[in-house]
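Chemist: I am attaching a structure below and will ask some questions about it afterwards.
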Amino acid sequence: MGLELRLAWRNVWRNARRTWLTVAATVFAVVLVVFFVAMAAGIHEKMIEDSVRVASGHVTLAGEGYFANRTLEQFVTLDAGLQHTLDAAPGVRGWAPRLVGFGLVSKETDAQGVAVLGVDPAREASVTTLARRVERGVFVSEDAPKGIVLGERLARNLGAELGDELLLYSEAYSLETAYDLFTVVGVMKLPEPSLDRSLALVTLADAQAFFVYGERVSEVALLADDADAADQVAAGLRGALPGAEAVEVQTWAELMPELVQFIILDDAGMYVLLVILVIVVAFGILNTILMSVLERTRELGVLLALGLRPGAVFRLVYLESLLLAGLGLAIGLATSIPLVLWFQAHPVELSNELAGAMELIGAEPVITWKLKPWNPLGSVLTILGVAALAALYPAVKASRGRPVDALRSL
Amino acid sequence: MAILEAHAVSKVYETRGVATRALDRVDLTLEEGEFTVLHGPSGCGKTTLLNLLGALDDPSEGRVTLDGRDLAECSAAERSELRLHKLGFVFQAYNLIPVFTARENVEFVMELQGVPSAERKARTDAILAEVGLAELAEKRPLEMSGGQQQRVAVARAIVGRPELVLADEPTANLDSATAGQLLDLMEELNREHGVTFLFSTHDPLVIGKARRRVRLRDGRVESDGPGA
Ligand SMILES: Nc1ncnc2c1ncn2[C@@H]1O[C@H](COP(=O)(O)OP(=O)(O)O)[C@@H](O)[C@H]1O
Ligand SMILES: [Mg+2]
């Protein structure tokens with residue numbers, strides 16, 4: 001083995017220019033693969049993050065049937081026991097209870113249908129970015145009861161300004177008519193137009209009082225370490241909840257299947273390109289190794305004549321190919337990992353025109369990178385696998401050579 | 001004691017439907033310690049015979065036995081083992097491993113044989129000194145003259161302590177002075193270490209150095225007898 005490795009290594013450097021060209025192609029491919037896979041991962045993670053942070057967290061806990069019906073009939077009782085379970089749940093970065101109801105809001109003669117979202121301001125900040133989306137005024141707060149924050153389009157449609165009094169009108173959990181006056185304390189800009197047109201935020205306490213809901217909430221939004229950890233958190237939570245409680249736990253992927261679909265399609269498009277890239281690398285390696293084998297027919301015959309076994313000749317050629325690929329991988333990873341880590345720390349903000357387009361579709365105008373362990377790992381395994389495959393033919397050819405044929409051409 | 005025996009060995013090459021009978025029922029027995037030349041005009045079958053004797057190729061008819069073992073009954077792996085442990089080769093074109101130094105080329109065979117590294121080094125130093133190349137041990141083949149390369153090849157062929165060294169026209173690429181020196185070296189190794197040599201040539205000068213001369217003509221043994 002030591003001998004074969006030494007011989008293989010020396011052989012790799014016989015035609016240094018050809019070796020460097022092959023290595024360069026591999027490095028190029030590795031860098032592109034790692035960079036673009038990380039970019040896609042970053043963009044997708046950002047999309048998920050943006051979505052869960054205006055919506056319902058990575059994982060959402062709600063009363064049984066809530067996800068299908070979304071009425072006040074389905075609820076979770078946020079008692080001390082549940083609060084304790086949520087605090088103790090592993091992998092949970094934060095959790096926020098919400099009450100979701102529907103109603104009409106009116107200013108003078110104008111009325112609009114709204115989704116009333118009651119939030120615990122302190123807890124909400126640990127899960128969603130709603131508070132940061134306030135453009136004018138302030139976010140709702142326990143210190144200023146009966147304050148309401150409106151989506152920008154909703155405020156415009158109502159002609160509502162900061163300080164205006166609005167009448168909120170709905171049906172309470174008790175089925176009695178619920179109505180009360182709220183003061184506009186803030187206007188927020190939401191990426192999703194339909195939300196921007198309909199969301200009205202109040203404090204959870206105000207919402208519970210308005211809907212006569214007591215300790216109940218509609219849902220609890222939980223934030224996990226990242227999107228990938230959602231399944232684990234959900235499973236942990238399902239296990240930790242007492243069976244008697246009629247609750248449901250869903251992940252962002254279950255709640256937003258269209259987002260999952262989009263990511264899969266987007267990835268598929270990228271992987272087609274990457275596969276083409278990898279095939280190009282495979283042919284580069286095949287070409288280099290095959291040429292070097294054909295050039296050395298005589299020499300390989302001499303090795304066989306001296307008593308090197310055919311299997312050892314096979315291994316020799318194989319090692320040469322793996323060394324070639326390994327060299328490309330080593331340099332490729334040494335280049336791409338720092339590169340991606342740098343971009344991960346320095347997201348790229350998009351220029352104005354692009355930014356506008358992205359904001360239209362509800363995305364923040366930045367490109368982010370995320371290096372997940374399977375990215376470089378997958379690249380390593382793919383390139384090594386491809387090199388192993390590409391070396392097969394030349395290695396078999398070399399080991400099948402007969403010493404006499406090799407020596408004949410004198 | 002006979003090391004190698006060829007019984008009625010024939011070799012027919014087929015190229016594009018044309019059959020060439022390169023060897024025709026050749027009998028040859030090599031005894032331990034012999035220093036034998038195989039000579040005859042170009043195309044008489046010397047290389048073909050050496051290839052058959054060295055388990056590098058199969059006869060069309062007849063039988064070759066090495067140490068009593070019929071080569072036809074050996075697997076590819078067993079032939080590798082036989083070549084590694086019992087045979088040494090010297091080729092006309094030297095055929096050293098170009099990426100290895102003289103020392104590494106000589107050590108190569110012993111590494112394959114599994115000789116421990118300290119012993120390998122000692123034997124390499126000794127043999128390189130014996131063939132007069134101690135100074136060139138760290139040079140690669142391309143940095144050496146043809147005669148020097150062929151000396152390394154001879155060192156490589158005998159360092160594994162084979163029973164028989166087969167050399168196909170080892171001097172063909174050398175000038176006559178260098179050829180003579182190489183033959184003297186081989187003869188000395190034969191005398192002092194008892195290495196059995198069978199080498200082919202068509203150079204009368206080289207033929208004159210052999211103790212036994214086998215003459216081939218048109219694929220047959222024309223004469224076989226003691227030399228000068
Ligand atoms: N691979 C081969 N295919 C066809 N004919 C061959 C082959 N090798 C040798 N021959 C023929 O066999 C005969 C003997 O060749 P060879 O053994 O090389 O002779 P020598 O080594 O004495 O010059 C020649 O006629 C040669 O042309
Ligand atoms: Mg010949």
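The values are calculated or read from the model by the stated rules, or taken from the named source; none is laboratory data. Computed from a prediction, not measured in an experiment: that's the story for all the values here. Cβ sites come from the backbone with ideal geometry, for glycine too, and all protein chains shown count toward neighbours. Each accessible area value is taken on the protein alone, full model and side chains, heavy atoms only, with ligands, DNA and RNA left out. Shrake-Rupley method; radii C 1.70, N 1.55, O 1.52, S 1.80 Å.
Chemist: Give me the inter-chain shielding for A:2-12: mean count of other chain Cβ atoms within 10 Å, whole number please. All intermediate terms of the calculation are to be shown ahead of the outcome.
Modeler: Values: counts 2, 6, 1, 0, 4, 6, 1, 1, 6, 3, 1.
Across A:2-12, the average partner-chain Cβ count within 10 Å equals 3.
Chemist: So, for chain A, what is the accessible surface per residue at a probe of 1.4 Å, expressed in square angstrom?
Modeler: On the way: 18900 Å² over 410 residues.
In whole numbers, chain A has 46 Å² accessible per residue.
Chemist: Take the Cα of A:Glu108, step 7 Å along the line toward its Cβ, and report every residue of the range A:153-173 whose backbone nitrogen sits under 16 Å from that point.
Modeler: Residues A:155-167 qualify, since their backbone N sits under 16 Å from the label point.
Chemist: Pairing the Cα long axis of helix A:310-345 with the longest principal axis of chain A, what angle in degrees results, from 0 to 90 and rounded to the nearest 10?
Modeler: 30 degrees
Chemist: Another question, then. Cα-based count: Lys pairs in the protein assembly as shown below 19 Å, eight or more positions apart or different chains?
Modeler: Numbers: A:Lys46/A:Lys189; A:Lys46/A:Lys370; A:Lys46/A:Lys372; A:Lys107/A:Lys146; B:Lys11/B:Lys46; B:Lys46/B:Lys209; B:Lys121/B:Lys139.
Count of close lysine pairs: 7.
Chemist: Below 8 Å, C-alpha to C-alpha, sequence gap of six or more: please give me the relative contact order for the range A:120-257 in percent.
Modeler: Values: 189 pairs, mean separation 35.0, N = 138.
Here the relative contact order equals 25 percent.
Chemist: Next question. Which whole number gives the average, over all residues in B:82-88, of C-beta atoms from other chains lying within 10 Å of the residue C-beta?
Modeler: Values: counts 1, 6, 5, 1, 1, 3, 2.
Taking all residues of B:82-88 together, the mean is 3.
Chemist: Which of the residues in the range B:94-124 lose at least 30 Å² of accessible area when you go from the chain alone to all protein chains together (probe 1.4 Å)?
Modeler: Buried by the other chains: B:Asn95, B:Ile97, B:Pro98, B:Val99, B:Phe100, B:Glu104, B:Phe108, B:Glu111, B:Leu112.
Chemist: Which of the listed residues, A:Thr77, B:Ala76, A:Leu333, is farthest toward the dipole's positive end in the protein assembly as shown, when Lys, Arg count +1 and Asp, Glu count -1 at the beta-carbon?
Modeler: Going by the Cα projections, it comes out as B:Ala76.
Chemist: Classify the range B:107-228: rounded, prolate or oblate, from the alpha-carbon gyration tensor (a ≥ b ≥ c, eigenvalue square roots; a/c under 1.5 rounded; otherwise prolate if a/b is larger than b/c)? It would help to have the intermediate numbers written out before the result.
Modeler: Details: a/c = 2.23, a/b = 1.64, b/c = 1.36.
Prolate.
Chemist: On the protein heavy atoms, probe 1.4 angstrom, tell me the percent of accessible surface of the protein assembly as shown carried by carbon and sulfur.
Modeler: Carbon and sulfur together cover 57 percent of it.
Chemist: Pick from B:His39, B:His202, B:His193 the residue whose mean-square fluctuation is largest in a GNM of chain B, springs joining Cα atoms under 10 Å.
Modeler: B:His193
Chemist: State the extension gain, in nm to one decimal, for the chain segment bounded by A:Glu142 and A:Ala240, taking 0.36 nm per residue of separation less the distance between their alpha-carbons. Walk me through the intermediate numbers first.
Modeler: On the way: separation 98, 0.36 × 98 = 35.28 nm, distance 3.06 nm.
Difference between extended and current length: 32.2 nm.
Chemist: Rounded to the nearest 100 Å², what is the sum over both chains of accessible area buried where B meets A, with a probe of 1.4 Å?
Modeler: Roughly 2400 Å².
Chemist: Between B:Pro170, B:Pro162, B:Pro204, which gets the highest mean-square fluctuation from a Gaussian network model of chain B, Cα cutoff 10 Å?
Modeler: Residue with maximal mean-square fluctuation among B:Pro170, B:Pro162, B:Pro204: B:Pro204.
Chemist: Sticking with this one: Using only the Cα atoms of the range A:59-225, each taken as one equal point scatterer with no solvent, compute I(q) by the Debye sum, divide by I(0), and report log10 of the ratio at q = 0.10, 0.14 Å⁻¹.
Modeler: -0.35, -0.69
Chemist: A drop of at least 50 square angstrom in accessible area, chain alone versus all protein chains together, probe 1.4 Å. Which residues of the range B:48-71 meet that?
Modeler: B:Leu56
Chemist: Give me the distance in nm between label points sitting 7 Å out from Cα along the Cα-to-Cβ direction at A:Tyr169 and B:His193, one decimal.
Modeler: 11.2 nm
Chemist: Right, something else. Quick one: what do you get for the protein assembly as shown if you divide its Cα Rg by 2.2 N^0.38 Å?
Modeler: Numbers: Rg = 42.0 Å, N = 638, 2.2 N^0.38 = 25.6 Å.
Normalised Cα radius of gyration, the protein assembly as shown: 1.64.
Chemist: Dipole of chain A (Lys/Arg Cβ +1, Asp/Glu Cβ -1, origin at the Cα centre): which of A:Ala390, A:Val31, A:Val54 lies farthest to the positive side?
Modeler: Result: A:Ala390.
Chemist: Once you charge only the Cβ atoms, +1 for Lys and Arg and -1 for Asp and Glu, what is the size of the charge dipole of chain A about its Cα centre, to the nearest 20 debye? List each step's numbers first, then the result.
Modeler: Values: 32 positive and 45 negative charges, 794 e Å.
Dipole magnitude for chain A comes out near 3820 debye.
Chemist: Rank A:Thr60, A:Thr288, A:Thr297 by mean-square fluctuation in a GNM of chain A with C-alpha springs under 10 angstrom and give only the top-ranked residue.
Modeler: A:Thr297
Chemist: Looking at chain A, which longest stretch skips every one of the trypsin sites (Lys or Arg not before Pro) that is in a DSSP loop with at most 15 other Cβ atoms within 10 Å, leaving the sites themselves out?
Modeler: Working: sites that count: A:Arg14, A:Lys189.
It runs A:190-410.
Chemist: Taking the Cα centre of chain B as origin, sum charge times position over the Cβ atoms of Lys and Arg (+1) and Asp and Glu (-1), and report the length of that vector in debye to the nearest 20. Display every interim value, and only then the final one.
Modeler: Working: 27 positive and 36 negative charges, 63 e Å.
My answer is approximately 300 debye.
Chemist: Can you tell me the FRET efficiency between A:Asp228 and B:Asp58 if r is taken as the Cβ-Cβ distance and R0 is 56 Å, rounded to the nearest 0.05? Could you put the intermediate results ahead of the total?
Modeler: Values: r = 62 Å, r/R0 = 1.10.
FRET efficiency, A:Asp228 to B:Asp58: 0.35.
Chemist: Here's something else I'd like to know. Looking at A:Gln208, A:Gly113, B:Pro170, which one has the Cα that reaches farthest to the positive end of the dipole of the protein assembly as shown (charges on Cβ: Lys, Arg +1; Asp, Glu -1)?
Modeler: Farthest towards the positive pole: B:Pro170.
Chemist: For helix A:374-400, what angle does its Cα long axis make with the longest principal axis of chain A, in degrees from 0 to 90 and rounded to 10?
Modeler: 20 degrees
Chemist: Now, a different point. For the range A:23-61 and the range A:311-346, what is the separation of their C-alpha centers, rounded to whole Å?
Modeler: The distance from the Cα centre of the range A:23-61 to that of the range A:311-346 comes to 22 Å.
Chemist: Sequence gap at least 6, Cα distance under 8 Å: using those rules, report the relative contact order of the range A:32-173 to the nearest whole percent. Mind dumping the intermediate values first?
Modeler: Numbers: 124 pairs, mean separation 32.2, N = 142.
So the answer I get is 23 percent.
Chemist: What do you get for the angle between helix A:257-295 and the principal long axis of chain A? Use alpha-carbon atoms, 0 to 90 degrees, nearest ten.
Modeler: 10 degrees
Chemist: Hey, got a sec? Which GluC sites (Glu not before Pro) in the range A:123-170 land in a DSSP loop and have at most 14 other Cβ atoms within 10 Å? Mind dumping the intermediate values first?
Modeler: Numbers: sites: A:Glu124, A:Glu135, A:Glu142, A:Glu152, A:Glu161, A:Glu165; in loops: A:Glu142, A:Glu161.
Hits after loop and neighbour filter: A:Glu142, A:Glu161.
Chemist: For chain B, what does -39500 (n - 2.57) per DSSP helix run (n ≥ 4), summed and divided by total residues, give at 222 nm, in deg cm²/dmol to the nearest 500?
Modeler: Working: 7 runs with 81 residues, N = 228.
Helices in chain B give a 222 nm mean residue ellipticity of -11000 deg cm²/dmol.
Chemist: Further question: Calculate the all-directions average of the projected area of the range A:220-280's alpha-carbon convex hull, and give it in nm².
Modeler: On the way: hull surface 22.8 nm².
Averaging across all directions leaves 5.7 nm² for the Cα convex hull.
Chemist: Which of rounded, prolate or oblate describes chain B when judged by the alpha-carbon gyration tensor and an a/c cut-off of 1.5? Present the calculation step by step, with values, prior to reporting the outcome.
Modeler: Numbers: a/c = 1.71, a/b = 1.41, b/c = 1.21.
In terms of gyration-tensor shape, prolate.
Chemist: At A:Trp342 and B:Lys139, where each label point lies 7 Å from the Cα along Cα→Cβ, what is the point-to-point distance in nanometres?
Modeler: With each label point 7 Å from Cα toward Cβ, the separation is 4.8 nm.
Chemist: Also, quick follow-up: Please give the charge dipole size of the range A:190-238, origin at the Cα centre, charges +1 on K and R Cβ atoms and -1 on D and E Cβ atoms. Round to the nearest 20 debye. Before the final figure, lay out the partial values.
Modeler: Numbers: 3 positive and 9 negative charges, 60 e Å.
That gives the range A:190-238 a dipole magnitude of about 280 debye.
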